[in-house]
2 protein chains.
Amino acid sequence: MTKKNSVPTVREIASHCGVSNATVSRVLNGNYSNGFSVREEVRQLITQIADELGYRPNLAAKNLVQRKTKIIGILGYNMVFGWPSNIYQVTTEAAVRYLQDHEYDICSTAPNFLRDDTELPPWRVDGIIVLQECSSRTIEQMEKIRLPYVVINGLAGAMGSTVVLDDIEATGHAIEYLLNLGHRRIAYAGPTPEHRKHMSIRDRHDTYLSELKKHGLPRISGHDKIFLSTQDFLETAVLEEHATAILAYDHIIAMKILHDAPASNIQIPEQVSLMCFNDEYLCDIVKPGLTTIGAPSRDMGKLAAEILLTQIKLPAEERCRQQIELHQHLIIRSSTAKPFRTSGSSVPNDLNRRFSGYDEDVLLDTSKNIKS
Amino acid sequence: MTKKNSVPTVREIASHCGVSNATVSRVLNGNYSNGFSVREEVRQLITQIADELGYRPNLAAKNLVQRKTKIIGILGYNMVFGWPSNIYQVTTEAAVRYLQDHEYDICSTAPNFLRDDTELPPWRVDGIIVLQECSSRTIEQMEKIRLPYVVINGLAGAMGSTVVLDDIEATGHAIEYLLNLGHRRIAYAGPTPEHRKHMSIRDRHDTYLSELKKHGLPRISGHDKIFLSTQDFLETAVLEEHATAILAYDHIIAMKILHDAPASNIQIPEQVSLMCFNDEYLCDIVKPGLTTIGAPSRDMGKLAAEILLTQIKLPAEERCRQQIELHQHLIIRSSTAKPFRTSGSSVPNDLNRRFSGYDEDVLLDTSKNIKS
DNA sequence: CAATATTAAGTAAACGTTTACTTTAATATA
DNA sequence: TATATTAAAGTAAACGTTTACTTAATATTG
């Protein structure tokens, strides 16, 4: 009603209603501890006036006295900045939903390299969720001020919890699946461990090699070079070395192969089967649908949020890091099939499943993704 | 050094250094007003101890006394939540860069419908940038507390500034370009004005109609239906009504057409030219490269940030909304060509430019995008 | 009706900074 | 030597909430 052009405060509401600011605060927060009570009419007046004035509590003041913010920061590989394709969208969504259900707000901010080389938000947060990675300086800072944090699919410092994917197991399953289909010449397309740091790069590549060794199968050239040109890769791996299946590090590489294979006169899956990690939304609408190894994205997000809130509730000295590893699962589509000597003969789609030795429903069951 | 497990405060640093908290505050902020000064050794000691303790000022306390946060909130069509393809990435980046250069931090948050139906962050911000749109409740709130805000490519309330694109002009240019190429049967593929609310939907569609009328050209069926199936659209617009050019509402629709045209045995641009709005990064790597109408994304972001900071600096009563409209520009690639009766004959790529009557360099000059 | 319990609040300190104002000691000036 | 100036700080209030503690009025009980 009144035309004050400043933001309304608790004290203003109080004077409007002829009560003290303490009363307003308690009413608005529903805090009836310490034997507090109000008459119903006063309670209604306060909420009404607060609404009329458009009152929003000054979180700064609130934080100051309560020494917590009810805000969780989200860092790393999220969407605020420059990541072209975000594989953590579903994960983030699940985490945020869980946090909001538990009365936490979330925030993310662009790293400000002019202010400081941290990625931490300038205001206090009660905890942090890191998507894949953040700078080591940021890790140091969180450790120093004992800020609870959980890293999703990445590495943490001494007191940080993690929720990671078991890529070694998943690669094993992928190879096993291809073996069961009858493949004996399996190629790998992806970055080599030297070239970037995320652990999935090493895990997937090295497990590819060790699985081949275990089964006495030959390595196919191309796994030892970074994947740059589809044509080069197909030339050596498929045309020269006669690979019958390709395991790709991620969906981006698989998409490239899928898109460029026709230009080299290579049919997928008739001539060569193709499968990859990261079950992103494109994988199922593309033709042929890509067989993938999918991560339990939603579980990752929810678990990370759960762990974080548990840590926050604990007194600082009782906190101890949690490290959870999650299973991934095969999603069988039509880009993989039994190998055929007679190239060009097309395979009925459902042959895949009939002979694969896998029951898709079992593999898609994510009800128990957490490793014991 | 000391093993306190709480976050360090100004007062702690002060007692470590044997000085008062005021001295610490002034040194750390470089605030030498009111004739303040320190001995060099004390100054160094303070900064050193602050660094050792990992001191970060409590922004809540700071905000409280300074009554500003130096934080700008980013709302709307950004990347924190569920938008599959974000056309404002470059815009956001430009805005953030400008804001950071001027000592502002930025933040974005997921709308929390459990707390309140605002999209405003829970903590105070000094200003808001809205990407395309936010809820009307949010607009109301910003107006009520007189929070400065700028809407990019969307509508604002009574005191909100806007930076928008002139879609009417741009559509006119697009049609003119196609006319100059020799096209007389031009189709339009996109949503119809009834179906969603963003002004570009109406502006592009209605200008398409009025331009056709102005030049006495026939409408092609399809403009009056929401674009759903590429096959249906091509069937009527191209095969039945012999359109020689298609103007698509956005790059998503254009991509679909480009991708599905071969299945209907339609060649682009030999049989039909294709162009669209939104010059997203896919448009230039696809084959044939898409002729587009591009927005000055970077300018939009920077301008919005500039306007916002200007408003913030002004005392509340002197603020007055700014409304800026920006030109868009043609980016000519190879999906458009002169119409050919003899379908199937391929067109040398550079013919486009030679006969288009447009000088690409001039059209790409964004140095003066602001309409006078 | 007095003592006690309950209802309905009010009071004031605290959170961590910033900053206008004040103080002290040393040095410069008259 | 007395006074003025300056360097180098210190003091305390204020920002808007929350909350432990207190108080006054009313209701209940014996």
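A short reminder: the numbers here are calculations on the coordinates, not readings from a lab. Computed from a prediction, not measured in an experiment: that's the story for all the values here. Quick reminder, even Gly has a Cβ in these numbers, built from the backbone with ideal geometry, and neighbours come from all protein chains shown.
For segment B:10-57, what log10 I(q)/I(0) values come out of the Debye formula at q = 0.19, 0.21, 0.22 1/Å, with one point per alpha carbon and no solvent?
After summing over all Cα pairs, the log10 values are -0.50, -0.62, -0.68.
With +1 on the Cβ of every Lys and Arg and -1 on the Cβ of every Asp and Glu, and nothing else charged, how large is the dipole of segment B:119-181 about its Cα centre, in debye rounded to the nearest 20? Write out the running numbers ahead of the final one.
Values: 4 positive and 9 negative charges, 84 e Å.
In debye, rounded to 20, segment B:119-181 gives about 400.
From the backbone phi of segment A:206-216, what are the Karplus-calculated ³J(HN,Hα) couplings (6.51 cos²θ - 1.76 cosθ + 1.60, θ = phi - 60°) in whole Hz, Gly and Pro given as x?
For segment A:206-216, the Karplus curve yields 5, 5, 3, 5, 5, 5, 4, 4, 4, 9, x Hz.
Could you give me the ³J(HN,Hα) list for segment A:167-179, computed from phi with Karplus coefficients 6.51, -1.76, 1.60 and θ = phi - 60°, whole Hz, x at Gly and Pro?
Couplings: 6, 5, 4, 5, 5, x, 4, 4, 4, 4, 4, 5, 4 Hz.
Which cross-chain or sequence-distant (5 or more) residues have an amide H under 5 Å from the amide H of A:ILE106, H modelled 1.01 Å from N in plane?
Amide H neighbours of A:ILE106, under 5 Å, 5+ apart: A:ILE72, B:ALA110.
Quick one: net charge around A:PRO148, please, counting Lys, Arg +1 and Asp, Glu -1 for every other residue with C-beta under 9 Å from its C-beta.
Details: positive: A:ARG146, A:ARG319; negative: A:ASP126.
Charge balance near A:PRO148 sits at +1.
What does the copy distance list look like for A:CYS320, label position 7 Å along Cα→Cβ, in nm and ordered from shortest?
6.8
Using a label position 7 Å from Cα in the Cα→Cβ direction, what is the ascending list of nm distances from B:LEU28 to the same site in the other copies?
List, nearest first: 2.8 nm.
Straight-line reach from A:LYS68: which aspartates and glutamates have a Cα under 16 Å away, not including same-chain ones fewer than 8 places off?
A:GLU103, A:ASP105, A:ASP126
Using only alpha carbon pairs under 8 Å that are at least six residues apart, calculate the relative contact order of chain B and give it in whole percent. If you can, show how the numbers build up before the last one.
On the way: 620 pairs, mean separation 57.8, N = 372.
Relative contact order for chain B comes out at 16 percent.
At 222 nm, what value in deg cm²/dmol follows for chain B if DSSP H runs of at least 4 each add -39500 (n - 2.57) and the sum is divided by all its residues, to the nearest 500?
Details: 13 runs with 135 residues, N = 372.
Result for chain B, helices only: -11000 deg cm²/dmol.
Which value, in debye to the nearest 20, gives the size of the charge dipole of the protein assembly as shown about its Cα centre, when Lys and Arg are +1 and Asp and Glu are -1 at the Cβ?
Values: 82 positive and 90 negative charges, 391 e Å.
For the protein assembly as shown, the charge dipole is close to 1880 debye.
Let me check the size of segment B:225-343 from its C-alpha atoms; what are the radius of gyration and Dmax in Å?
Cα only, segment B:225-343: 19.6, 67 Å (Rg, Dmax).
Averaged over its residues, how many other protein chain Cβ atoms are within 10 Å of peptide B:140-148's Cβ atoms? Walk me through the numbers before you get to the answer.
Numbers: counts 1, 2, 1, 1, 7, 8, 4, 1, 0.
Partner-chain Cβ atoms within 10 Å, mean over residues of B:140-148: 3.
Under a Cβ-Cβ cut-off of 15 Å, what is the net charge of the residues other than A:PRO262 that fall near it, where Lys and Arg count +1 and Asp and Glu count -1? Can you show the working numbers first?
Working: positive: A:LYS256, A:LYS287, B:LYS287; negative: A:GLU235, A:ASP260, A:GLU270.
Neighbour charge sum, excluding A:PRO262 itself: 0.
Using the charge dipole of the protein assembly as shown (Lys, Arg: +1 at Cβ; Asp, Glu: -1 at Cβ; taken about the Cα centre), state which of A:LEU178, B:HIS102, B:ALA316 has its Cα farthest towards the positive end.
B:ALA316
Relative to the longest principal axis of chain A, what angle (0 to 90°, nearest 10) does the C-alpha long axis of helix A:297-313 take?
40 degrees
Amide H of A:GLU325 versus every other amide H placed in the peptide plane: which residues, excluding those fewer than 5 positions away on the same chain, fall under 5 Å?
A:VAL164, A:LYS371
Using every pair of alpha-carbon atoms in chain A, split the distances into 20 Å bins beginning at 0 and state the percent of pairs per bin, rounded to integers.
With 20 Å bins starting at 0, P(r) equals 25, 42, 23, 10, 1.
To the nearest 10 degrees, how steep is helix A:251-260 against the longest Cα principal axis of chain A, on a 0 to 90 scale?
The answer is roughly 40 degrees.
Quick one: give the max-minus-min coordinate of the C-alpha atoms of the protein assembly as shown along each principal axis, largest first, in Å.
Result for the protein assembly as shown: principal-axis Cα extents of 82, 74, 60 Å.
Which whole number gives the average, over all residues in B:61-73, of C-beta atoms from other chains lying within 10 Å of the residue C-beta? Write down the numbers at each step before the final one.
Working: counts 5, 3, 8, 5, 1, 1, 4, 0, 4, 2, 5, 0, 1.
Counting other chains' Cβ atoms within 10 Å and averaging over B:61-73 gives 3.
Just to be sure I understand: of the beta bridges DSSP finds with both ends in chain A, what percent are antiparallel, rounded to 5?
Working: 4 of 34 bridges.
Antiparallel bridges make up about 10 percent of those DSSP assigns within chain A.
State, as an integer percentage, the relative contact order of segment A:2-62 based on alpha-carbon contacts under 8 Å between residues 6 or more apart.
Details: 39 pairs, mean separation 26.1, N = 61.
43 percent.
If the label for B:ARG219 sits 7 angstrom from Cα along the Cα-to-Cβ line, what are its distances to the same label in every other copy, in nm to one decimal, shortest first?
Shortest to longest, the spacings are 6.6 nm.
Filter the cross-link list B:LYS70/B:LYS144; B:LYS214/B:LYS287; B:LYS302/B:LYS338 down to pairs whose alpha-carbon distance in this structure exceeds 29 Å.
Numbers: B:LYS70/B:LYS144 20 Å; B:LYS214/B:LYS287 33 Å; B:LYS302/B:LYS338 37 Å.
Violating the 29 Å limit, Cα to Cα: B:LYS214/B:LYS287; B:LYS302/B:LYS338.
Treat every Asp and Glu Cβ in segment A:23-135 as -1 and every Lys and Arg Cβ as +1, leave all other atoms uncharged, and give the resulting dipole magnitude about the Cα centre to the nearest 20 debye.
420 debye
For segment B:1-61 and segment B:102-155, write down the distance between their C-alpha centroids in whole Å.
Segment B:1-61 and segment B:102-155 have Cα centres separated by 34 Å.
Quick one: angle between helix A:89-101 and the longest Cα principal axis of chain A, in degrees between 0 and 90, rounded to 10, please.
Rounded to the nearest ten degrees, it is 30.
Give a residue-ordered list of calculated ³J(HN,Hα) values for segment A:120-135 (Karplus: 6.51 cos²θ - 1.76 cosθ + 1.60, θ = phi - 60°; whole Hz; x for Gly, Pro).
With the stated coefficients, segment A:120-135 comes to 5, x, x, 9, 5, 10, 7, x, 9, 10, 9, 8, 6, 7, 9, 5 Hz.
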